[in-house]
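The values are calculated or read from the model by the stated rules, or taken from the named source; none is laboratory data. As the structure is a computational prediction, the values presented were derived from the model and not from experiment. Don't worry about glycine lacking a Cβ; one is built from the backbone with ideal geometry, like all the others, and counts go over all protein chains shown. SASA here: full protein model, heavy atoms, side chains in, ligands and nucleic acids out. Shrake-Rupley method; radii C 1.70, N 1.55, O 1.52, S 1.80 Å.
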Amino acid sequence: MIPFFHIDERIEKASDEALKKCKSQFDLIDEITEYNQLKVQKAFIKHSISETHFISSTGYGYGDRGRETLDKVWADIFCAEDAIVRHNFVCGTHTLTTALFGVLRPGDTMLCITGTPYDTIHGVIGITGEGMGSLKDFGINYAEVALKDEKPDMEAIYNAVNDYTTMVYIQRSRGYELRPSLTVGEIEELVKLVKSKNPNVIVMVDNCYGEFVEKREPIEAGADLIAGSMIKNAGGGIARTGGYIAGRADLVEKCAYRLTTPGLGKEVGATLGMNRELYMGLFYAPHTVGEALKSAVYISALFEGFGYDTTPRYDAKRGDIVQSLGLENEESLVAFCQGIQSGSPIDSFLTPEPWDMPGYDSKVVMAAGAFTLGSSIELSADAPIREPFYAWIQGGLNFHSAKICALLAAQQMHDKNLLKGID
Ligand SMILES: *Cc1c(COP(=O)(O)O)cnc(C)c1O
């Protein structure tokens, strides 16, 4: 019997079966978590991190040792020459934008080889919108290679790269698509392919949702620049805001000139007491990502057991923390999200309803009960109300907490006579 919450016996039984199926994936996740934890720990020890690195700077923030050392720790962990880790990157999109504008110049060409990038990047590139100062407005060309059978199209990519390609852009995570995420091994193949055609091309990877999912990171696979958000994997559920860019030193320097000013670069930026949580978030990140992965694997196994489509399958190799479930109709999506919300540590009393979210072409229902608003390393679920009625689920600060939320979601569906497969 599950204490404190009412869960139908048949759902509990399905949960026990799902847990059995998860065993070998959980073992694998534990192994990766331990490896990455040791990697992080070693970097902290190497740089002799101490209380002095948490001291708060103000004003220009010159000589902030905590900030400067965090960049070095980060660079070591991600096998990069340099990094810029800042709380004043306001979100992942801002971080990616800083990197793109930092590196690209008028007349350059950016080629995205993983289909159309994540929604919020469209306005940055200039795929949508006009006059807002997109890359396009500044004379930077854009091209993309569509996916083929949900995978990068190697032949079309080889043909698309030429002497004029300045940057090749790769999105590691699936984002809100049903395609599989890219593994670091697949990123390595892509890097080899594009560099065989043009060795000077800069390979940039949108690393959002990918950090610490595997033992290697994209720079180790030959990428030149990566960027991500602190309210996803890399902040470990501790960082309340921020982002990072890491990679080749000359490129990171250009990004720093864009974030602050040409000339000032990395030398400035008051940390206002944020260092401690950025360090602590990084320290927790491998473990938190492991918990989020276990949550995703379990949810996949549980709902597959009920007879729903899941991507990825519970036993698939993963390149990010995102899980999606085909819940088949609007009522089920809403009940699922309401169940997740009802078990959240924060805002459990709220009832998510579908609404017309700006920028979406259908209604969306979202569940999120997080310590940090919008954090998606904490358990959250979003579902556009449209065919094929999939919910996207990510995060989970700890597995047990995410597990009860998943069970409450199943229970909520069952209470409304929507849950398949338990009679
Ligand atoms: C979340 C995400 C972004 C954008 O990050 P925000 O913090 O939402 O601005 C970009 N790319 C991918 C793949 C993401 O998952």
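Report, by residue number, each residue of the stretch 354-379 that is under 17 Å from Ala410 (Cα atoms) and open to solvent by 60 Å² or more (accessible area, probe 1.4 Å).
First, pick out the residues of the stretch 354-379 that are under 17 Å from Ala410 (Cα atoms): 365-368, 379.
Result: Met366, single match.
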Point to revise | Residue list for the stretch 339-376, filter: touching a residue at least 60 places away in the same chain (Cβ under 8 Å) and of a type outside the set (S, T, N, Q) | key: Gly339, Ile340, Gly343, Gly359, Phe371, Gly374
Check your understanding: Is there a residue being surrounded by 23 or more Cβ atoms within 10 Å (Cβ to Cβ), in contact with a Gly (Cβ under 8 Å, 6 or more places away or on another chain) and in a strand (DSSP E or B) anywhere in the stretch 173-180?
Key -> no
Check your understanding: List pairs: first in the stretch 257-276 and within 16 Å of Gly59 (Cβ to Cβ), second open to solvent by 80 Å² or more (accessible area, probe 1.4 Å) and of a type in the set (Val, Ile, Thr), Cβ under 8 Å, 6+ apart or cross-chain?
Key -> Ala270/Thr58; Leu272/Thr58; Asn275/Ile55
**Study point:** Filtered residue count, the stretch 38-80, keeping only those that are open to solvent by less than 20 Å² (accessible area, probe 1.4 Å) and basic (Lys, Arg)
**Key:** 1
Review point. Are there any pairs, at least 6 apart or on different chains, whose C-beta atoms fall under 8 Å, with the first in the stretch 227-248 and within 13 Å of the ligand (Cβ to nearest atom) and the second part of a strand (DSSP E or B) and of a type in the set (Ser, Thr, Tyr), and if so, which?
Key: Ala227/Tyr244; Gly228/Tyr244; Met230/Tyr244; Ala234/Tyr244; Gly235/Ser229; Gly242/Ser229; Gly243/Ser229
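For the stretch 66-77, state whether one or more residues are within 16 Å of the ligand (Cβ to nearest atom), under 18 Å from Lys254 (Cβ atoms), in a helix (DSSP H, G or I) and not acidic (Asp, Glu). Quick ask: steps written out before the conclusion?
Restricting attention to the stretch 66-77, the residues satisfying the condition of being within 16 Å of the ligand (Cβ to nearest atom) are none.
No - not one qualifying residue is present in the stretch 66-77.
For residues in the stretch 112-127 being touching a helix residue (DSSP H, G or I) at 6+ places or on another chain (Cβ under 6 Å) and at pLDDT 95 or above, which is surrounded by the most Cβ atoms within 10 Å (Cβ to Cβ)?
In the first step, residues of the stretch 112-127 are kept if they are touching a helix residue (DSSP H, G or I) at 6+ places or on another chain (Cβ under 6 Å); the result is 113, 120, 124, 126.
Applying the additional criterion that residues be at pLDDT 95 or above yields 113, 124, 126.
Values: Ile113: 26, Val124: 22, Gly126: 19.
Looking at the filtered set, the residue picked out is Ile113.
If you check Ala223 against the conditions, is it within 16 Å of the ligand (Cβ to nearest atom) and under 15 Å from Ile170 (Cβ atoms)? So that I can check it myself, show each step before the final result.
On the way: within 16 Å of the ligand (Cβ to nearest atom): yes; under 15 Å from Ile170 (Cβ atoms): yes.
For Ala223, the condition - within 16 Å of the ligand (Cβ to nearest atom) and under 15 Å from Ile170 (Cβ atoms) - is met.
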Practice item. Test each condition in (1) within 17 Å of Lys232 (Cβ to Cβ); (2) touching a residue at least 60 places away in the same chain (Cβ under 8 Å); (3) touching a Cys at 6+ places or on another chain (Cβ under 6 Å) for Ala381 and report the one that comes out false. Key: (2)
Study note, to complete from the structure: Here the qualifying pairs (Cβ atoms under 9 Å; residues six or more apart or on different chains; first in the stretch 288-302 and farther than 14 Å from Pro312 by Cβ; second open to solvent by less than 10 Å² (accessible area, probe 1.4 Å) and among the acidic types (Asp, Glu)) come out as Val289/Glu211
Practice item. Enumerate the pairs (first residue in the stretch 113-128 and in contact (Cβ under 8 Å) with a residue 40 or more places away in the chain and more than 11 Å from the ligand (Cβ to nearest atom); second residue anywhere and part of a loop (DSSP other than H, G, I, E, B) and open to solvent by 30 Å² or more (accessible area, probe 1.4 Å)) with beta-carbon separation below 8 Å, excluding pairs fewer than 6 apart on the same chain, so at least 6 apart or on different chains. Key: Gly115/Ala146; Gly115/Leu147; Gly115/Glu177
Practice item. Tally the residues that are on the phi < 0 side of the Ramachandran plot and assigned to a loop (DSSP other than H, G, I, E, B), restricting the search to the stretch 314-344. Key: 13
Check your understanding: Tell me, which residue of the stretch 187-216 that is out of contact with any strand residue (DSSP E or B) (no Cβ under 7 Å at 6 or more places or on another chain) and charged (D, E, K, R) is farthest from the ligand (Cβ to nearest atom)?
Key -> Lys197
Review point. How do the pairs read when you match residues in the stretch 319-338 that are among the aromatic types (Phe, Trp, Tyr) with residues anywhere that are part of a loop (DSSP other than H, G, I, E, B) and surrounded by fewer than 22 Cβ atoms within 10 Å (Cβ to Cβ), using Cβ under 9 Å and keeping only pairs 6 or more apart or on different chains?
Key: Phe336/Leu418
Point to revise | Test for Ala383: is it at pLDDT below 95 and surrounded by 23 or more Cβ atoms within 10 Å (Cβ to Cβ) | key: yes
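How many residues are assigned to a loop (DSSP other than H, G, I, E, B), away from the ligand (no atom under 12 Å from the Cβ), surrounded by fewer than 20 Cβ atoms within 10 Å (Cβ to Cβ) and at negative phi when one looks only at the stretch 81-111?
So in the stretch 81-111, the residues assigned to a loop (DSSP other than H, G, I, E, B) come out as 81, 87-91, 104-108.
Next, from what is left, pick out any that are away from the ligand (no atom under 12 Å from the Cβ): 81, 87-88, 104-108.
Still in the running and surrounded by fewer than 20 Cβ atoms within 10 Å (Cβ to Cβ): 81, 88, 105-108.
Subsequent filtering for residues that are at negative phi retains 81, 88, 105-106, 108.
Count: 5.
Would you say Ser229 is over 23 Å from Thr114 (Cα atoms) and open to solvent by less than 10 Å² (accessible area, probe 1.4 Å)?
no
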**Study point:** Given (1) of a type in the set (Gly, Ala, Ser); (2) farther than 19 Å from Gly242 by Cα; (3) modelled with pLDDT of 95 or more, number of the condition Gly102 does not satisfy
**Key:** (2)
Revision key, fill the gap. Residue hits (the stretch 149-186; among the polar types (S, T, N, Q) and within 16 Å of the ligand (Cβ to nearest atom)) are Gln171, Ser173, Ser181, Thr183
Exercise for review: Kindly indicate whether Lys136 is more than 16 Å from the ligand (Cβ to nearest atom) and surrounded by 15 or more Cβ atoms within 10 Å (Cβ to Cβ).
Suggested key: yes
